[in-house]
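In what follows, a single structure is set out as structure tokens and then discussed.
The values are calculated or read from the model by the stated rules, or taken from the named source; none is laboratory data. Because the structure is predicted, anything quoted here is derived from the model rather than measured. All Cβ positions, glycine included, derive from the backbone under ideal geometry; neighbour counts span all protein chains shown. Areas reflect the complete protein model, heavy atoms only, side chains present, ligands, DNA and RNA absent. Shrake-Rupley method; radii C 1.70, N 1.55, O 1.52, S 1.80 Å.
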Amino acid sequence: MEAQPATWAGQPTTDSMHYLNQAAGGLMPDSVLHAVSHYMQREQALGAYIASQQVQPQLQQLYARLAELLHCQPADIALTTGNTHGWCAVVGALPLEAGDRVLVTPGEWGGNYAMLRQLQARTGCVVEEMPCTPGGALDMAALQASVDARVKLVALTWVPANGCTVYDAVALGQLCARHGIPYIVDAAQALGHIPVDVQALQCDALTAPGRKWLCGPRGTGLVYLKPGFAARLQPMTVDHVSCPITPTGPVLRHDARVLEQSEASMALRLGLLAALDTAQAQGWPQRFAAIAQRATQLRAALAQVPGLRLHSLPDAPAGCGIVPFTLEGYTPAQVQQALLAQDIQVAASGMGYTPLDMQARGLTAVVRASVAWHTSEADIAALVSALQRLAASHTVPA
Ligand SMILES: Cc1ncc(COP(=O)(O)O)c(C=O)c1O
């Protein structure tokens, strides 16, 4: 058996950087690097196909691990290269027609929105925003009143990329289940950040990337499909794996793997497995609690910085790990650059990520600080004092 690296316990190396950019991509634990590089060596020595045959048990384990995390069966999981890959594969496979209504929230991910507008142009379906309360929560009563037989898809970006809020995905799932409306959850900023249980969500599909809150490598992701939902899809892209060739002709698979093709990076998949193993050994509940605690601390500390405005919506939970803000006198890109020069990493989140919410609130960009399970009080203190210095050096024009 392989010797484990010294840092197998899961602590990523953040010595030289205060990393507050988890929502872009989580720092991978050493176990991930080890799994990826070890497999690449194997692939170099044996060739890609024998190497992948040898790691079949581990690859099957990846489906099992993800199924455990989501509370479903391994056959309900398809592996992808990222969130968009899976989301577009599902939504693009729905038989939408002219006049069909597709409901989204103001926090919808810009990429999903772009895809839906393409579908709108192609099929004549109509993309509509769901009603929200002034606090930014879903207005379930108004939504209930507006639902009719023409609603053919409800798409929820559970935790929007700019961290404006966390929607009530369970209440929305209950409404969709009552009306038999297909319900897809974009959990790109949720999985690994907050508990996710597809049974409680009652969703038909859910997507996530591996690189964010799961701390896996870039180029990994997953789709969950509720049992039976695959049969309602007409995938745009299939191959001999998703649609095996039988003596009577090609037959689409009936499970989530209908969305997979044969070609994939086994190294990255093994990296994702290593990330999940590390997280599981640490305990997901402990990670969720650590993220919520640090996020609450970060919000409270940022609120003390002069000229800083938090941009979470009023009903957003204080424990949401994504904290959007602006600093008077600076653009978000300037704040990001000034912090980076001091080894503090945050994101500048533009209009393209959450176009509906940003437009509705007259925002063009926000600074996005996002915490990880390993974010320390020192990371928060470094960010806050750097922002205080920036705020102090801004001279208000006379
Ligand atoms: C909410 C949300 N959905 C989707 C995506 C796109 O994910 P990917 O780049 O893996 O396709 C992102 C990326 O930040 C996101 O924040």
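Filter segment 24-45 down to the residues that are part of a loop (DSSP other than H, G, I, E, B) and not hydrophobic (A, V, I, L, M, F, W, C), then identify the one that is nearest to the ligand (Cβ to nearest atom). Working first, answer last.
So in segment 24-45, the residues part of a loop (DSSP other than H, G, I, E, B) come out as 24-29.
Filter again for not hydrophobic (A, V, I, L, M, F, W, C), leaving 25-26, 29.
Details: GLY25: 9, GLY26: 12, PRO29: 19 Å.
Per the stated criteria, the residue is GLY25.
Just give me the residues in segment 41-67 being open to solvent by 50 Å² or more (accessible area, probe 1.4 Å), touching a residue at least 40 places away in the same chain (Cβ under 8 Å) and under 27 Å from the mean Cα position of the chain (by Cα), in sequence order.
GLN58, GLN61, listed by residue number.
Residues to consider are ALA348, ALA338; find the one that is surrounded by fewer than 21 Cβ atoms within 10 Å (Cβ to Cβ) and part of a strand (DSSP E or B).
Criteria check complete, one pass: ALA348.
Can you name every residue in segment 132-151 that is within 20 Å of PRO182 (Cβ to Cβ) and within 23 Å of the chain's Cα centre (by Cα)?
Result: LEU138, single match.
Answer yes or no: is there a residue in segment 274-288 that is under 24 Å from LEU59 (Cβ atoms), within 16 Å of the ligand (Cβ to nearest atom), in contact with a helix residue (DSSP H, G or I) (Cβ under 6 Å, 6 or more places away or on another chain) and part of a helix (DSSP H, G or I).
Yes: one or more hits.
Quick check: is even one residue across segment 370-387 among the hydroxyl-bearing types (Ser, Thr, Tyr), farther than 30 Å from TYR113 by Cα, crowded, with 18+ Cβ neighbours inside 10 Å and in contact with a strand residue (DSSP E or B) (Cβ under 8 Å, 6 or more places away or on another chain)?
yes
Looking for whichever is of a type outside the set (D, E, K, R), outside any loop (DSSP other than H, G, I, E, B) and closer than 30 Å to LEU276 by Cβ here; the options are ALA372, ALA378, ALA392. Which one fits?
Of ALA372, ALA378, ALA392, the one residue that is of a type outside the set (D, E, K, R), outside any loop (DSSP other than H, G, I, E, B) and closer than 30 Å to LEU276 by Cβ is ALA378.
How about segment 216-232: which of its residues are part of a loop (DSSP other than H, G, I, E, B) and within 14 Å of the ligand (Cβ to nearest atom)?
Those that are part of a loop (DSSP other than H, G, I, E, B) and within 14 Å of the ligand (Cβ to nearest atom): GLY216, PRO217, ARG218, GLY219, THR220.
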